[in-house]
Amino acid sequence: MFPFLLIVLLPLSWRISASAQPAQEFLHCLSLRFHNSSSFAKLVYTQHNSSYSSVLKSSAQNLRFTTPSTPTPLAIVTPLLASHIQAAVYCCRKHGLQVRTRSGGHDFEGLSYTTAYKVPFVVIDLVNLRSVQVNVEKATVWVESGATIGELYYEIARKSRTLAFPAGIGHTVGVGGHLSGGGYGVLFRKYGLGADNVIDARLIDVEGRILDKKSMGEDLFWAIRGGGGGSFGIVLAWKLKLVPVPANVTVFTVSKTLEQNATKLVHQWQYIAHKLPKEIHTSIIISRVNSSENEKMTVQASFTGIFLGSTDELVPLMEEKFPQLGIVKEDCFEMSWAESNLCATQCPVGVSLETLLERSQKSVLSKTFFKAKSDFVKQLIPESAFQGLWPKFYEDEAKFASMVFVAFGGKMEEISETESPYPHRAGNLYSILYVVDWEEEENKNSKKFMSWMGRVYNYMTPYVSKSPREAYSNYRDLVLVQEAATSCFWSCLSSKPRALVKKQARKQKTER
C-alpha cells in the first residue's frame, strides 16, 4: 500500500509508470526508495518543476553552459541524507542513466551539471550536505563535499586563528571537486596539496555502499585523492589534517607594466620563485590595462604573494632573494590566514570574513562566460618569448584575458609523483592558467574568444612541458580529452598506480 499511496500524493506532473520514458522510470524508482513523499517533492526537481531552472543554474559557474542549447539533466536530486544519494545511484544504474555530481559547480567545462556526449543523465547536487566539524585539539576537520572552500575556512577561523587547511583561494569552489582533483593553493609549497592532507573519507561506491578509508582499501583511497571528481564514487565527506600557521600572515602585491620593466621581472621571477623558502607563495597575474602614464594600452604583471610571517621578516628576505622587484612595507598587509584568502588576488583589504560564506560571486572564473586551459613549465622561458606573447593581449578578444603563473617547489619537490594520482610534483618550476572571459552579449561570438585562447596556447607550445604536454585535471579542458591531457595524466604515473586507477575508472564506466 505505501508505494501506491506515495505516488498518489505526488503532483500530477510527477505521476509515473514503469513503462514510461527514462526520466519517469527513474522518478518512479526514486520515489519508492525515498519512502517519504514530502522529502521526495522537496529534494527532487524535474523539468516540469518551476524551480528546476533556478536550481540548475544556482551553482553553474561557467555561464557558457547555461544557454538553451546546453544539454540538461532529466532530474536534479538535492539530497539531505546519504540514503538519498544511495537511492539516486541505484535508480540511475537500474535505468541506464549517467550521474553528474555537483559540489560547487566550478568544473571548467560544466561537466558537474551538463554533458558533452548528449546522453541522459541526472545531477546529484550536494548543496545540502555542507557540514564542517572542526576538532582543534586533534587539528582535524570533517567536511562534507557540498561545502565550499570558503565555508571550510570560515569554520576553521571561528575555532582557531593559528590553524589552516592547504587548499585554494577561490572561496566559492566546492570542497568535493577541489580535493578530488588534487587542490593546490597558497600553502602547497609548505604543506602540499589539499589531497595530500586527506586522512579519511566516506564514499558511496557504484554498489551504493558507504565506505571509509579502511573498508574502501588503500587503492581506492589513493585514487580519490587527486584522481579527478566523479570517477570512483561520490565522496560524502572528507577528514582533513589541519596545519599550523602564524596568527598573522603577510599579503603583498607589486604591479608593473611593460614600461616599468615588467618583462625582465617576469623573466627573473622564474629563476627565483621556486627556490624561495616554503613559507612564501608567489604568483604573477598577466593582464591588459591602460598605462597610468599615457593612458595607452599595455600589459601589466601583478606579483602577488602570501608569507607565513610578518612584514618585518618578509621585506628584507625579498630584498635578499628578489631585489629587482623592490618590495617595500607599503606593498604589504598583515592579517589572519583566513582573511588572506579574500585578498590574495587583490581584493580590497578589510573585507568581512563572512564573505567566505558567499556561495555565488562573480569573478574571472565564477558566474561568467569563459574558457580556460593550463600548462606546466619545467624549463626557463626566454625573455624573447614573453616579448612575443604580449602583443596577443592587445587583440580585441583579450579585453578580459589573463594568465596566472603559480610558483612550485618547496614541499612539492619532496612528495613522490606516485603518492597520489596528482603527478605534477618535482621538476615543475611553475604552472600556468590561461583564462579568457566575455560578456553575455558577446556569447553569440564565443568562437572568436576560443580561437584567441587556441592561438595563445599554440604559441606557448615550445616553452612548456612536452612528451606529453601536461595539464591540471581540475582545470578541465575538453579540447585535450583525446590528446595531451589524457595521455599525460596516466603516463606521468608509474605502472602500478596507473593500472589501479584505470581499473577503477573502467569499472565505474561499465556499471553506470
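The values are calculated or read from the model by the stated rules, or taken from the named source; none is laboratory data. Since we're looking at a predicted model, the values are computed, not measured. Please note: Cβ atoms are built from the backbone with ideal geometry, for glycine as well, and neighbour counts cover all protein chains shown.
List, please: which pairs have Cβ atoms under 6 Å, are six or more places apart or on different chains, and start with a residue in segment 462-474 that is under 22 Å from N62 (Cβ atoms) and end with one that is of a type in the set (G, A, S)? Note: pairs meeting the criteria are A471/S374; A471/A485; Y472/S374; S473/G181; S473/G228; N474/G181. Among the residues of segment 35-45, those that are of a type outside the set (A, V, I, L, M, F, W, C), modelled with pLDDT under 95 and at negative phi comprise N36, S37, S38, S39, K42.
R158 falls short of the stated requirement of being outside any helix (DSSP H, G or I), more than 16 Å from the chain's Cα centre (by Cα) and free of Cβ contacts under 8 Å to residues at least 60 places away in the same chain. The criterion of being touching a Ser or Thr at 6+ places or on another chain (Cβ under 8 Å) and farther than 16 Å from S145 by Cα holds for L63. For segment 90-110, indicate whether the set of residues that are free of Cβ contacts under 8 Å to residues at least 24 places away in the same chain and outside any loop (DSSP other than H, G, I, E, B) is non-empty. So far as segment 90-110 goes, no, none of its residues is free of Cβ contacts under 8 Å to residues at least 24 places away in the same chain and outside any loop (DSSP other than H, G, I, E, B).
Every condition in (1) modelled with pLDDT under 95; (2) more than 29 Å from the chain's Cα centre (by Cα) holds for V328 except the one numbered (1).
Of all residues in segment 208-237, those satisfying the criterion of being without any contact (Cβ under 8 Å) to a residue 40 or more places away in the chain and part of a loop (DSSP other than H, G, I, E, B) are R209, D212. Residues in segment 40-54 that are outside any loop (DSSP other than H, G, I, E, B), among the hydroxyl-bearing types (S, T, Y) and surrounded by fewer than 16 Cβ atoms within 10 Å (Cβ to Cβ): S53, S54.
Here is a yes/no grid of residues against (1) out of contact with any helix residue (DSSP H, G or I) (no Cβ under 8 Å at 6 or more places or on another chain); (2) surrounded by fewer than 18 Cβ atoms within 10 Å (Cβ to Cβ):
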{"position": "S215", "(1), (2)": "yes, yes"}
{"position": "D219", "(1), (2)": "no, yes"}
{"position": "W222", "(1), (2)": "no, no"}
{"position": "F232", "(1), (2)": "no, no"}
{"position": "W238", "(1), (2)": "no, no"}
{"position": "P244", "(1), (2)": "yes, yes"}
{"position": "A247", "(1), (2)": "yes, yes"}
{"position": "T250", "(1), (2)": "no, no"}
{"position": "K264", "(1), (2)": "no, yes"}
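Residues that are more than 30 Å from the chain's Cα centre (by Cα) and either outside the structural domain of V404 (by TED's automatic domain parsing) or not in a strand (DSSP E or B) (or both) within segment 295-310 comprise E295, K296, listed in sequence order. Identify the residue in segment 133-155 that is free of Cβ contacts under 8 Å to residues at least 24 places away in the same chain and assigned to a strand (DSSP E or B) and, among all such residues, is nearest to E358 (Cα to Cα). Looking at the filtered set, the residue picked out is Q133. Scan segment 276-294 for residues that are surrounded by fewer than 18 Cβ atoms within 10 Å (Cβ to Cβ) and either within 26 Å of the chain's Cα centre (by Cα) or among the aliphatic types (A, V, I, L, M) (or both) and the total you get is 3. For segment 164-173, does any single residue satisfy the condition of being within 22 Å of E354 (Cα to Cα) and outside any loop (DSSP other than H, G, I, E, B)? The answer is yes; a qualifying residue exists. S374 passes every criterion in (1) touching a residue at least 40 places away in the same chain (Cβ under 8 Å); (2) more than 30 Å from Y154 (Cα to Cα) apart from (2).
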